[in-house]
1. Being free of Cβ contacts under 8 Å to residues at least 60 places away in the same chain and under 22 Å from Y335 (Cβ atoms) is the filter here, so list the residues in region 121-137 that pass it.
2. Identify, from the list G200, G178, the residue that is under 21 Å from L14 (Cβ atoms), at pLDDT below 95, small (G, A, S) and part of a helix (DSSP H, G or I).
3. Given the criterion outside any helix (DSSP H, G or I) and either in contact with a Ser or Thr (Cβ under 6 Å, 6 or more places away or on another chain) or surrounded by 15 or more Cβ atoms within 10 Å (Cβ to Cβ) (or both), identify the matching residue among V75, V67, V93.
4. When you look at V106, is it of a type in the set (A, V, I, L, M) and without any contact (Cβ under 8 Å) to a residue 60 or more places away in the chain, yes or no?
5. Here are A258, A243, A325: which of them is surrounded by 22 or more Cβ atoms within 10 Å (Cβ to Cβ) and modelled with pLDDT under 95?
6. Please go through region 258-303 and give me each residue that is over 22 Å from G166 (Cβ atoms) and polar (S, T, N, Q), ordered by number.
7. Could you tell me which residue of region 264-301 is nearest to the chain's Cα centre (by Cα), considering only residues that are part of a loop (DSSP other than H, G, I, E, B) and either at pLDDT 95 or above or among the basic types (K, R) (or both)?
8. Inside region 108-131, can you point out the residues that are of a type in the set (G, A, S) and assigned to a strand (DSSP E or B)?
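The values are calculated or read from the model by the stated rules, or taken from the named source; none is laboratory data. Everything numeric in this text was worked out from a predicted model, so none of it was measured. Quick reminder, even Gly has a Cβ in these numbers, built from the backbone with ideal geometry, and neighbours come from all protein chains shown.
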Amino acid sequence: MYFCIMGIQSISILFLYGLVFSWFTVPRIAQIVRKYKIFRKPSKRDLHWRFIPKLTGLSFYIAFLIVSFAFVPYVDVQRLSLFLAGGALISYVGIRDDIYELNPFVKLFIQLLAVGLFVVVDDLVVRNLYGFLGVYDLPSGFDYVFTFFIGVFMINSFNLCDGIDGLAAMMGIVMLVGYGIIFYVIGDTLFLSFSVILIGGLFAFLRYNLTHKNKVFMGDTGSLFLGYVFFLFTMYIVISDSAILTVMLPEKYLVILAVLVVYTIPVLDSGSVFFSRIWRKKSPFAPDNSHIHHLVLAYAKSHALSSIIIASGLALIVMVFSDLAFALDPQITVYVYFSGLFLGYVILFFIRRILRKRGVNC
């Protein structure tokens with residue numbers, strides 16, 4: 001089946017479901033967190049020094065859990081069950097980390113377990129890059145390692161972007177719109193529905209995240225879960241054998257580029273921070289305030305404005321490359337993307353140097 005059979009009415013209902021559910025659920029979760037003082041002491045990296053409820057991102061998973069029963073007659077039940085099981089594991093990691101700061105090795109193990117559910121049960125493995133950067137079939141064994149790496153990277157890199165008010169939600173909305181369009185084209189009803197529900201939920205979350213009174217955070221509970229959802233969306237798109245994508249795209253490897261474009265900010269942020277720490281002879285895994293959102297905040301002086309700038313930049317990148325994919329030779333489009341990515345790394349390197357000379361801790 002190609003092109004989703006869902007009409008605007010069904011999509012609107014799902015959006016309203018996500019919006020209304022989160023609108024009423026987020027403050028209830030925050031109320032419970034405040035009542036029972038379910039807090040973790042702020043770390044040196046936190047930009048807020050008062051206790052703010054962090055577990056409200058749990059509402060995203062609960063929304064899926066409740067609505068999932070309605071999908072049973074219409075979708076692959078095994079895939080739906082795996083999604084809920086993996087989501088439960090990731091939500092557990094987020095909840096524990098938001099309250100107790102979970103051991104990094106335990107955190108990694110459970111993330112690998114959640115990814116492994118799809119790798120083992122659903123054979124969700126990247127075995128072919130279709131000529132992307134000249135690579136076709138991946139060596140046996142390496143394909144599994146590569147798939148697990150993608151999962152862990154996508155889950156944690158999105159989590160690292162959740163550092164200022166509104167950013168994770170705004171970026172999430174932009175990314176979900178991109179994923180949602182692809183799922184509509186290939187006719188994937190389940191993941192299109194999940195994309196729309198999450199968009200509605202994130203809009204509602206912004207209502208409570210950007211306020212000064214009774215502010216809430218989605219915490220690792222929300223950002224890790226979103227990263228996991230994006231990983232699954234990515235995998236199903238990359239391994240999709242949709243004939244319509246083959247017809248629409250000049251080369252199938254442009255699907256891989258499309259996913260990279262949507263994930264540009266986490267890729268740019270994680271990579272630049274990693275190399276910046278190595279350049280300064282620091283541990284690449286040591287936390288600091290050198291992420292993109294910290295740099296933008298140093299100039300914008302406002303969490304909301306900084307988040308809007310970054311999310312708008314991502315939306316612009318997605319729109320530009322959506323046009324270039326059909327206007328340029330596919331290979332040239334790939335080279336343009338990686339050239340732009342390298343330029344972004346260079347620019348961020350010098351911005352950090354400038355800010356450090358001004359005494360900014362980054």
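1. Across region 121-137, the qualifying residues are N128, G134, V135, Y136.
2. The conditions single out G178.
3. On inspection, the qualifying residue turns out to be V75.
4. Answer is yes for this residue.
5. Exactly one of A258, A243, A325 is surrounded by 22 or more Cβ atoms within 10 Å (Cβ to Cβ) and modelled with pLDDT under 95, namely A258.
6. Hits for region 258-303 are S276, S283.
7. Checking each candidate, the answer is K301.
8. G131
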